[in-house]
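Have a look at the structure below before the remarks.
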Amino acid sequence: MATRRGILFVILRMLLLLFAVSVLSFVLVAMAPIDPLVAYVGPSSTLSEEAKEEIVEHWGLSDPLPARYLAWAGNILRGDFGDSITYQRPVADVIRERFLLSFVLMMLAWGLSGVLGFFLGIASGIRGGSVFDRAVKVFCLVLQSAPAFWIGLLVLSFFAVRLGWFPIGMAVPMGKLAADVTVADRIHHLVLPVLTLTVVSIGKITLYTRQKLVETMGSDFILFARARGETQGQIIRRHAIRNIALPAVTVQFASFSELFGGMTLAETVFAWPGVGSAMTAAALNGDVPLLLGTALIGALFVFFGNLIANVLYGVLDPRVREGGGYA
Amino acid sequence: MAPGMEPILSVEELAVSFSMYDRGLRKADLAVIRSLSLDVRPGEVLGVIGSSGSGKSLLAHAIMGILPPNATVRGEVLYRGEPLTEARLRGLRGREIAFIPQSVDYLDPLMRVGRQVVGTFGTRAAQEAIFERYRLGAGVARMYPFQLSGGMARRVLFATAAVGGDVKLVVADEPTPGLGPDLAAKMMKHFREFADAGAGVLLITHDVDLALGYADRIAVFYAGATVEIATAAEFAAGGAALRHPYSRAFSDALPQNRFLPIPGSQPYAGSLPEGCPFAARCPERTEACLAGDVPMRDLRGGKVRCVHAA
């Protein structure tokens, strides 16, 4: 691959994606029954009609849709995402502060579900058709069909309410000065949200790994390895894992979209002060600038997940990396 | 081939059937191989020929113990005079008994060829020596299977058999399809090298010419049964030198002989008839042919499964 052209192409694709996402979300929000003015001043405002007219005029709310989009997009390009109504601060600041918290939550759940799901899938696939395998399959299908917030509530009511092992929400203990918060406090608060998001994400990767293992174990090169005297354990370590790991890693990176969606719901349940709960708050308050800002961040996050999946395939798979080769 | 030498491998009335779901949940047994008998002696190449669906590949898989789990095997496989049990096979595969498969698909696509040839029993040094013997350049060990040319892939598969060091039996399943005549002949020379080193070679092939050119004896399969075992010279001569009507017809159908086809087709697995499987197409058929299973018997230094042969 001509690397420089490849990178240009990737950047172009990213810009196109962001453009499409921004247009779509802008149009959707414009068509939604949200009155930005009401959202800003509140439904029981005592503002006079003339004053309201002036604000509408000042904001350009009566301009045609394309003009409004261009004004907004132009500001975004200059780094101005507008002000959040909910938090009374610039959207860029809100996202910057919260993204790290969401990122920690997502990456922990992503890594855990990936590693656990991979090994669970292998353990289940090796015993294809057994009771254990069928139990794992049912378990994963149930998890995949269960909504994230419901699982979050179950986890919350069991571990936090019934057993009282973990706090019921937030990222740090309530009423504690920021300077006094310890790492242990942070970890203590992370456990349940991470657990929830891990459980929500584990079904997909487990089922995928299991399916891929069953497929691989039926292939000719496994048959040949057996005919050459390799034991089941050697076959799995030397051949099966090697052939499943790559597609599994790819699937895991490509699942950033589900991860982001699950994160939004889990954060809301646990009052985790990340991007997801901000997004929910923005949607409930008609906070258009924040909603649009988080939508763009979400799109960017998912895009990078898919990009990494593509790049990894090229780096790790010898058939792509050394394609053409000597033959 | 010294007469009286104990065979390395002997297969006695081997039968393979698969249990399959027939209409809903009723299980049915599908008999694919009915009665295969042959023996391979040290230092010889035994060519196994027969049309597609006669059970050739399954024979190889049955010997190597790599049939799918729904297969049932009956009959006896003896290795150096003793039954080749599952446990015994586990210790012999990859060391004394080597399998050479059909295509590069039998190599792990993501493992470098050198490491793969070394496998679990070979050594790096042995692999390098064998690569040199097979004229595989130094770079080949670092290639992945998809980078190999057809001829290279074949030599790599041969190398997997030789790397164990102490090979006594080579089972090859269609090792030459898609190769030009020159390359195929080279591959056959490698089989001869195995045999000349004292190993027995079971060579399953579609290519009758190659089998005739390089094998010592030929086993002819028809519809899941061995019908005759003859020397390669007898098979090449054809006609009266052969013992079974099917092998005679097979030999007659070769282009260098009379190029004569015989009418009809081989019965399918699952609808194998009682008695001699070839009876429906045989010009010498009598009532006796359909009376029950025909045993394999010795005749004129070879073997035949026919009530009339003399």
- Item | Solvent-accessible heavy-atom area per residue, rounded to whole Å², over region A:93-321 at 1.4 Å | 45 Å²
- Message: For chain A, take every pair of Cα atoms, bin their distances at 20 Å starting from 0, and report each bin as a whole percent.
- Response: 25, 48, 24, 4, 0
- Query: If you line up the long axis of helix A:275-285 against the longest principal axis of chain A, both from Cα atoms, how many degrees apart are they, to the nearest 10?
  - Reply: 40 degrees
- Gaussian network model of chain A, Cα springs within a sub-10 Å range: biggest mean-square fluctuation belongs to which of A:T198, A:T250, A:T209? A:T250
- Item | Amide hydrogen neighbours beyond the local backbone of B:G275, cut-off 5 Å, H modeled | B:G292, B:D293
- Rounded to whole Hz, the Karplus (6.51, -1.76, 1.60) HN-Hα couplings of region B:71-78, x for glycine and proline: 8, 10, 10, 10, x, 10, 10, 10
- Item | Accessible area of region A:36-80 belonging to carbon and sulfur atoms, whole % at 1.4 Å probe | 57 percent
- Message: Ignoring chymotrypsin sites (Phe, Trp or Tyr not before Pro) that are buried or in helix or strand per DSSP, and keeping those with at most 15 other beta carbon atoms within 10 Å, what is the longest stretch of chain A between them?
- Response: A:1-164
- Compute the long axis of helix B:124-133 from its Cα atoms, compare it with the longest principal axis of the Cα atoms of chain B, and write down the angle in degrees, 0 to 90, nearest 10. 70 degrees
- Local electrostatic count at A:T294 - Lys and Arg +1, Asp and Glu -1, tallied over other residues with Cβ under 15 Å: -2
- Among A:A179, B:A31, A:L312, whose Cα lies farthest out toward the positive end of the dipole of the protein assembly as shown, if unit charges sit on the beta carbon of Lys, Arg (+1) and Asp, Glu (-1)? B:A31
- A correct Karplus calculation of ³J(HN,Hα) over region A:228-236, with 6.51 cos²θ - 1.76 cosθ + 1.60, θ = phi - 60°, whole Hz and x for Gly and Pro, returns 8, x, 6, 7, 3, x, 5, 4, 5
- Task: Amide H neighbours of A:A271 under 5 Å, at least 5 residues apart or on other chains, H built in the peptide plane: list them.
- Result: A:M170
- In debye to the nearest 20, how big a dipole does the protein assembly as shown give about its Cα centre with +1 on each Lys and Arg Cβ and -1 on each Asp and Glu Cβ? 1560 debye
- Message: Checking an interface number: how much accessible area is buried between A and B, summed over both chains, with a 1.4 Å probe, in Å² rounded to 100?
- Response: 2500 Å²
- Message: Can you show me the helix-derived [θ] at 222 nm for the protein assembly as shown, built from DSSP H runs with n ≥ 4 at -39,500 (n - 2.57) apiece and divided by the number of residues, rounded to the nearest 500.
- Response: -16000 deg cm²/dmol
- Spin-label point model (7 Å from Cα, Cβ direction): what's the B:E287 to B:A310 distance in nm? 2.0 nm
- Note on the structure: If unit charges are put on Cβ atoms (+1 for Lys and Arg, -1 for Asp and Glu) and the dipole of the protein assembly as shown is taken about its Cα centre, the option from B:V117, A:G293, A:L120 lying farthest towards the positive end turns out to be B:V117
- Note on the structure: The helix A:131-145 Cα axis meets the longest alpha-carbon principal axis of chain A at an angle in degrees, between 0 and 90 and rounded to 10, of 20 degrees
- Each label sits 7 Å from Cα toward the beta-carbon; between A:L154 and A:Q234 the label points are separated, in nm, by 4.3 nm
- Note on the structure: Hits in region B:34-52: amide N under 18 Å from the 7 Å Cα→Cβ extension of B:A185, namely none
- Item | Positive-end residue, region A:36-80 charge dipole about Cα centroid, Cβ charges, pick of A:L37, A:A51, A:A73 | A:A73
- 5 angstrom amide H check on B:I100, placed H, neighbours 5+ away: B:V171, B:A172, B:D173
- Report the calculated FRET efficiency for A:I11 and A:D63 (r = Cβ-Cβ distance, R0 = 45 Å), to the nearest 0.05. 0.90
- A:I187 - accessible surface, heavy atoms, 1.4 Å probe, Å² rounded to 10: 100 Å²
- Any residues in region B:95-117 that have 40 Å² or more less accessible area with all protein chains than in their chain alone, probe 1.4 Å, and which are they? B:Y106, B:D108, B:P109, B:L110, B:M111, B:R115
- For region B:204-264 and region A:47-100, compute the distance between their C-alpha centroids and round to whole Å. 88 Å
- Query: When the Karplus curve 6.51 cos²θ - 1.76 cosθ + 1.60 is applied with θ = phi - 60°, which whole-Hz ³J(HN,Hα) does each residue of region B:142-155 get, with x for Gly and Pro?
  - Reply: 8, 8, 9, x, 5, 8, 7, 7, x, x, 4, 4, 5, 5
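The values are calculated or read from the model by the stated rules, or taken from the named source; none is laboratory data. All figures in this text were calculated on a predicted structure; none of them were measured in a lab. As a convention, Cβ positions derive from the backbone with ideal geometry for all residues, glycine included, and neighbour counts pool all protein chains shown. Protein only, heavy atoms only, side chains kept; ligands, DNA and RNA dropped before computing areas. Shrake-Rupley method; radii C 1.70, N 1.55, O 1.52, S 1.80 Å.
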